[in-house]
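The values are calculated or read from the model by the stated rules, or taken from the named source; none is laboratory data. All figures in this text were calculated on a predicted structure; none of them were measured in a lab. Ligands, DNA and RNA are excluded from the accessible area calculation, which covers all protein heavy atoms including side chains. Shrake-Rupley method; radii C 1.70, N 1.55, O 1.52, S 1.80 Å.
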Amino acid sequence: GFKGDREVVLAAVSQNGYAIYFASPELKKNKEVVVAAVTQNGQVLSIASPEFKNDREVMIAAVSQHGMALYFADEELRRDRDVVLAAVAQNGRALSIASPELRNDKKVVLAAVVQNPEALEYASEELRYDPSLIDPIGFARRRLAFFASMEGKLSLDRLGKIGGFIQGTLNQRES
């Protein structure tokens, strides 16, 4: 039937990665089918055959679509810089799952922070306070955007005080 037809299963998992659930046991172990499934939805790795959780190519495909799929990687792949870079570029919070060595790797941490500034909390203690990773102007812009979204909920007087505080903080950092 269709469950064992490679072309049908490939077409199905390309539309919905979870369709791999209905594939024949042989096709569930077919790397091409698994890569197609996790490329469509990285979370599918959770139900994929266990041997694929330590397959670098499959893992890069999965984390590129869903960074937190790094959770399903074995320890070796959590130490693999390319795998972790792909994960944090998709979701900065995947840094929380990376190996301690990579949480102390400036390029990896920067990629995570660019994707999600809150990822800085998962960096090594040393990098958490690295001035080059803390973007005060970007931070100020994000805060102002947040307060702008609160328009009508905050008084203009309050917004002025917040803006003044942020400007003062930036002026202190520049001096």
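Taking the empirical scaling 2.2 N^0.38 Å for compact globular proteins as reference, the stretch 1-113 has a Cα radius of gyration ratio of 1.09.
Residue-wise HN-Hα couplings along the stretch 7-23, as the Karplus relation 6.51 cos²θ - 1.76 cosθ + 1.60 with θ = phi - 60° gives them from phi, are 5, 5, 5, 4, 5, 5, 5, 6, 8, 8, x, 5, 4, 4, 4, 8, 6 Hz; Gly and Pro carry x.
Ranked from the most accessible area to the least, with a 1.4 Å probe and all protein chains present, what is the order of Phe22, Phe72? List each step's numbers first, then the result.
Details: Phe22 125, Phe72 60 Å².
So, going from the largest accessible area down, we get Phe22, Phe72.
Between Glu32 and Ala11, the contour length at 0.36 nm per residue exceeds the Cα-Cα span by 6.4 nm.
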